[in-house]
Each structure stands twice: as C-alpha cells, then as structure tokens.
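Undergrad: Okay, here's the structure, questions in a sec.
The values are calculated or read from the model by the stated rules, or taken from the named source; none is laboratory data. Note that the coordinates shown come from a computational prediction; the quantities given were computed from them, not determined experimentally. With ideal geometry, Cβ positions are generated from the backbone for all residues, glycine too; neighbour counts draw on all protein chains shown.
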Amino acid sequence: MHLRTLWVNGAILIAMNTACGSTPDPPRDSTGSTGASTGGAGGTGGTGGASSSSGSGGASASSSSTGGAGGTGGVGGAGGTGGMGGTGGMGTTTSTSSGGLMCNGNQVLCGDACADLATDPNHCGACGHSCLDAACNAGQCAATALYTGHQAELVRVDELRVFFSSHIDILSMPLAGGATSKVNKEEGVQAFGARTMEIVGGKLFWTTPSSPIFGYISMVNKSGFGQVHIVEPAVNHGQPHKIALGNIDPSGNATAVYWCAKGDGQSPKNAIVKTTWGAGGNGTSTKLADASALFLRGITLHQADVYVLSAEPSQILRVPQAGGAATVFTPGTWSGIDLLSDAENLYVLDVGPATNGKYADGKVWKIPFADGVPVALVTGVPNPWAFATDGERIYYTSAWTENGQLADGAVFAVPIAGGPAVTIADKQPAPRGVAVDGTHVYWANYGVGPNQVDGGVLKAPK
C-alpha cells in the first residue's frame, strides 16, 4: 500500500492506493474547529491613600500619596486548538483507463477490463484482436486445418469457398472446411505445376507450363465444368507466368486477361500480352509491349493502365491497357517476385539479395501511385514467397527460416499505414500461397516431410 499526502483548504488528506478491482472507501472531508477564548478585562486601579496633616508647631509637610495605578489587564485566554482534519478518502492507482483499474501480473488494460494478451481469445496478441471461435495460444489465434495433402501451393477464396492447387489438381471446399471438389475435372494433368491462379466472377483462371517455352492459360467455371484453354499454347509470346484479369462485363466476369510472358533464357520471348476470348475460348492475343530485355515477375491493373514488375533490371513499367508505349513508372532496388495494387498503392514482394544461396533480407515495398517513391513496410523477411492484401494490411508468407529450417515457415501481417509486423502463424511446413477475406487469412503449406504429406491448407483469424 502506498500513501500520498495532499493539502486541501489547510487540512491534511492522506490517500492510500489499492489494487486492481478493490472498492475505494468513500471520501471523508472533516474541517477542524477554531478555538476563540477572549482574555479577561484588566483589573481596576487601586484608590489613592489619604493626605497626612503636619504636626503642630513643626514645619508642616503636606504630602499626599498618589493613587495606585490600575492593574494590568489579564492575558487573553489562548485560542482553542483546531480540530484535526478528517482522513481523506482512500485513493486508487490507475493505469491508462479513467475507470481506475490497475492490472496485475501478465495482464494489460484493454478498454475497461484487464486481459492476458497471451491467452485471451478476445484480446489475442493485442487489445481488440478477436480469435472468433478459435483459441489464443502465446498471443496467436490457433490455426484451423482445412485440408491435409501434399504440395499445396496456390490458394484463393471467394465468398463461399477456398480454391487451391495440390500436386496435379485444383480443388475447392467450403470456407469452414469439409469435402473437397475437383475443379479441373476435365483435364486433371493440366493443373500440374500451376504458376498462378485468380478468380473473377464465376470463373477461375490459372497458368501452367507445358515446356520451358510454351504454356497454357486455362479458364473454368468455379463449379468445375466448362474448362477451356484461352491461350494454347503460347508459341507467339512465350510461357505464361503471372496474370491480371480485366475488362469486367456487367455480369461481373472478366473478358480479358493481361499476362507476363517469359522465355527459357535461350530464346527470350518476354512480353506484356493481352488476350480476349469468345464463348468457346479460342483466345486472341495481342502483344502490348516488348519486354525481351526484362525479367518479368508480376503484373497488376490500375485504372486504364497495366503495371508490370521487372526483377532485372529492377523497375516497374506502365503500359496503357488499350496499347501504347511502355514507360518506367519507378526504378527500384529490389529482387521482386510479385506485384499487387489497391486504389492508392502498388506493392512489391522482394526476396532481397542471396547470401550463400539463402535469402535472409526480404522486404515488402509500398509505392504510392501519387509519387512513385518506394517505402519499405517491413525488412528482414527470410525467404518471402507470396502476399495478399485486404486494403488495411499486407499478409505474406515466409517459406522457411534463414538457417534453412523448412518446417519453420511463418505467415505475417504488416499495416499498410506503417507499424510493426505481427505473426499470424509460425512453425509452418513451407507456407506458400496466401489469401484473405473479411475475417480470416488462408495459406497453403507445401510440406517438408517425405512426399510432402504434411502439407495442406489452413486458416486463422486476421
């Protein structure tokens, strides 16, 4: 217990601090009484003595005595001692809340309640971070395994289902987990080695290589029927790599795909390509810009332009969707592997320089459309693999740690506005693709054990 002494109106107040949750005594305010005794009046002066007569025949001496002086007035009675001021009300030590709470042990104040950020599912890792229906362990919301299978790699979500690649197939299942359904029902082997996968409207698109130079872009209804190749094979422009979907029709479906084409290093055919198609597929491709001197790694759309990420040389190009000259939007210093955008910014996932075959200093860059100046949101990411955004944070996977421990990958999130990154899940076996919806983060673990049987798809609250 701690004491504090205060002066209030000349009286002493003593405040005693109490622990979190105790009820303080009501304040007692007692004013001391003031004594006031009036001194007695001074005594009356004595009467003067009588005159004496001279003796007869002698010189007479007439002498008269003077009257005694009046007695000195009595000293006034000392004033009564003031009564002791009443003891002040018992004080309470407060933390950051005006509610007067002090949290003990490992707890911190979250609003008007104390919470343990390591275990509280309503304040997991940070005040207000809810685990929804999951447990909170060591400040992380527990992940839920939705699927177990080897070589899971790409993952996307819509409002009802999770879509993901696993070995030679593309599968889907409910967001809550459950039975899987094969999406590439008609040509299963064509999903082997899928490089990228996107969903727009009722369609799912993915790219697959068929050789170091040639490849396919496939489209299928999300139900798994009606699969067609809209680029087959890509002999004119090179192997399809990353794609971006645009030209959305009134029903919400894409009518054009923009893609990065790449060669095999011996016959460079790198290009920025646009493909449109009819009802039966049969796509028509147009080269928007030559990129034979570039190493293209990512593509995204913003307003009327196509933005393309080059890792070598390090830069972002801008090309009109309708066609026209390519210009450098911004140079960079990255070894970029993917590109995202939202209404205000571009984002680059950068593996960083290799040291002894390992990547220990990956980064996530933000490049505003307004000025094109790159800003690093996070650095020091070991082996970044993929990323996604919900408009507030960037979610990214680290495939394994810098010391090469494949079973120690992780999923992170960093605020777009700036701030420290937080761990969504750690100790993951080679996480790769990542996706996000309004409540959860989803990721695919490739797996690291024999035949990667420890792979799968998981989700955790954001």
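Undergrad: What number of residues within the range 233-270 satisfy the criterion of being modelled with pLDDT of 75 or more, among the acidic types (D, E) and over 36 Å from the mean Cα position of the chain (by Cα)?
TA: Looking only at that region, the number is 0.
Undergrad: Between a residue in the range 440-459 that is closer than 18 Å to P384 by Cβ and any residue that is at pLDDT below 85, which pairs come within a Cβ distance under 7 Å, given they are 6 or more apart or on different chains?
TA: Y446/Q452; V448/L406; V448/A407
Undergrad: Working carefully through the options G372, G352, G418, G380, find the one that is under 21 Å from the mean Cα position of the chain (by Cα) and either of a type in the set (K, R) or part of a loop (DSSP other than H, G, I, E, B) (or both).
TA: On the way: G372 fails: under 21 Å from the mean Cα position of the chain (by Cα); G352 fails: under 21 Å from the mean Cα position of the chain (by Cα); G380 fails: either of a type in the set (K, R) or part of a loop (DSSP other than H, G, I, E, B) (or both).
Answer to the selection: G418.
Undergrad: Name the single residue that is surrounded by the fewest Cβ atoms within 10 Å (Cβ to Cβ) among those in the range 101-111 being at pLDDT below 90 and over 19 Å from N137 (Cβ atoms).
TA: Per the stated criteria, the residue is N104.
Undergrad: A follow-up question, please. Which members of the range 399-415 meet the condition of being assigned to a strand (DSSP E or B), surrounded by 20 or more Cβ atoms within 10 Å (Cβ to Cβ) and either in contact with an Asp or Glu (Cβ under 7 Å, 6 or more places away or on another chain) or at pLDDT 95 or above (or both)?
TA: Going through the range 399-415, the residues assigned to a strand (DSSP E or B) turn out to be 409-415.
Still in the list and also surrounded by 20 or more Cβ atoms within 10 Å (Cβ to Cβ): 409-414.
Result: A410, V411, F412, A413, V414.
Undergrad: Hey, does the range 350-359 have a residue that's closer than 28 Å to K287 by Cα and in contact with a Leu (Cβ under 6 Å, 6 or more places away or on another chain)?
TA: The answer is no, given that none of the residues of the range 350-359 is closer than 28 Å to K287 by Cα and in contact with a Leu (Cβ under 6 Å, 6 or more places away or on another chain).
Undergrad: Report, by residue number, each residue of the range 424-446 that is at positive phi and surrounded by 24 or more Cβ atoms within 10 Å (Cβ to Cβ).
TA: Restricting attention to the range 424-446, the residues satisfying the condition of being at positive phi are 427, 430.
If the condition is that a residue be at positive phi and surrounded by 24 or more Cβ atoms within 10 Å (Cβ to Cβ), then A430 is the only one that fits.
Undergrad: State all residues of the range 124-142 that are out of contact with any Asp or Glu (no Cβ under 8 Å at 6 or more places or on another chain) and crowded, with 19+ Cβ neighbours inside 10 Å; if no residue qualifies, say none. Quick ask: steps written out before the conclusion?
TA: As a first pass, look at the range 124-142 and keep what is out of contact with any Asp or Glu (no Cβ under 8 Å at 6 or more places or on another chain): 124-135, 137-139, 141-142.
Of everything in the range 124-142, those that are out of contact with any Asp or Glu (no Cβ under 8 Å at 6 or more places or on another chain) and crowded, with 19+ Cβ neighbours inside 10 Å turn out to be C124, H129, C131, C141.
Undergrad: Name the one entry in A370, A326, A354 that is more than 26 Å from G409 (Cβ to Cβ), modelled with pLDDT under 95 and among the hydrophobic types (A, V, I, L, M, F, W, C).
TA: Step by step, each of A370, A326, A354 is checked, and only A326 is more than 26 Å from G409 (Cβ to Cβ), modelled with pLDDT under 95 and among the hydrophobic types (A, V, I, L, M, F, W, C).
Undergrad: Give me the residue from the range 355-369 that is of a type outside the set (F, W, Y) and in a strand (DSSP E or B) and, out of that set, surrounded by the fewest Cβ atoms within 10 Å (Cβ to Cβ).
TA: Looking at residues that are of a type outside the set (F, W, Y) and in a strand (DSSP E or B), I get T355.
Undergrad: Sticking with this one: Looking at M102 and the list (1) touching a helix residue (DSSP H, G or I) at 6+ places or on another chain (Cβ under 9 Å); (2) in a loop (DSSP other than H, G, I, E, B), which single condition is not satisfied?
TA: For M102, the exception is condition (1).
Undergrad: Also, quick follow-up: Tell me, please, whether a residue that is in contact with a Pro (Cβ under 8 Å, 6 or more places away or on another chain), of a type in the set (A, V, I, L, M) and either within 17 Å of L204 (Cβ to Cβ) or at pLDDT 95 or above (or both) can be found in the range 166-186.
TA: So in the range 166-186, the residues in contact with a Pro (Cβ under 8 Å, 6 or more places away or on another chain) come out as none.
For the range 166-186, residues in contact with a Pro (Cβ under 8 Å, 6 or more places away or on another chain), of a type in the set (A, V, I, L, M) and either within 17 Å of L204 (Cβ to Cβ) or at pLDDT 95 or above (or both): absent.
Undergrad: Right, next: Identify all residues within the range 268-281 that are surrounded by 20 or more Cβ atoms within 10 Å (Cβ to Cβ) and either part of a loop (DSSP other than H, G, I, E, B) or hydrophobic (A, V, I, L, M, F, W, C) (or both); write none if there are none.
TA: K269, N270, A271, I272, V273, W277
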